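Asks: Take this structure, written in structure tokens, and hold onto it; I'll ask about it next.
Derivation of every value follows stated rules applied to the coordinates shown; laboratory data play no part. The structure displayed is predicted, hence computed values, not measured ones. We place every Cβ from the backbone using ideal geometry, glycine too, and count neighbours over all the protein chains shown.
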Amino acid sequence: MAVGANAFTLSSKNITNVKHSSLVKTTDLPAEELKKARRREQCRINQANYRKRKRENRPILLGEIGRLDQEIEQLEAYKKARQQNKHHTDPVQAIGNFYHLLNLEQKLPDVKTYQEAYGYSPALHLILDLQREEFNSVESLKLHWLWYCTQFREFKYSMMSYERLEAGEQVIISIKGEIRLDVYCDAEQQGNAKVANYGVIVCPVLQQFEFEAGEQIVKRITSEVDLVGGVASSQGQSGLSMLTSIDLSTDLN
């Protein structure tokens, strides 16, 4: 009986330990599962918040991408324009070159050959045409005025003043000067023959060059020569009578 009692006692203790161990495990398992469930829920919430923020930020991101695309296009257009402008001379330098060349002897192409090639002649047809002219480039002004030099016995320009005016993006370079012309007057009767009479007149000249700030191309040029004022001032008291003797509509061809 003693042995059995001891055995029973031992068995009871073992059973108690087994039950205690089993209780610990059943108590720990729900807590672990709860932690996992909480982590899963937190992940789900985080993912949901991320998708929500992504949806909310999408229009903003698309707007930024569009703005950046526009800036890239503008930069590419600016770069292209700068590359194209490299082929054009600086307007101020081109204007200075024109006035430098004006009083130098120039070898010009034959009028007939030029007219056949380009369909027109840059030669001055009437002296009156000098009173006001418009050109769309310095090259055009240079071509015409250098050609005019060959049509007069004397054609000499002197610069008097230079002025740069700026109004917003518009730039105007205004240059005043004088031009000395030897022009044809009424022929004088000498005996049985008429001898051509020439007279020198000095006329005020105003030329204006218009372009936009930062641009390399002159867009508009106006040239005004005061022929009547030049005749009157150059001849002094006899200027008024010279007005009738100088034929300002003479055909130069």
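Asks: Could you give the length gained on full extension between R180 and L104, defined as 0.36 nm per residue of separation minus the Cα-Cα distance, in nm?
Replies: Using 0.36 nm per residue and subtracting the Cα-Cα distance, I get 25.9 nm.
Asks: Further, regarding this structure: Let me see the P(r) profile for the stretch 33-85: every Cα-Cα distance counted, bins of 10 Å, each bin given as a percent of all pairs.
Replies: All Cα pairs, binned at 10 Å, distribute as 21, 22, 18, 15, 12, 8, 3, 0 percent.
Asks: First measure r as the distance between the Cβ atoms of H125 and V200, then evaluate 1/(1 + (r/R0)^6) with R0 = 35 Å and state the FRET efficiency to the nearest 0.05.
Replies: 0.95
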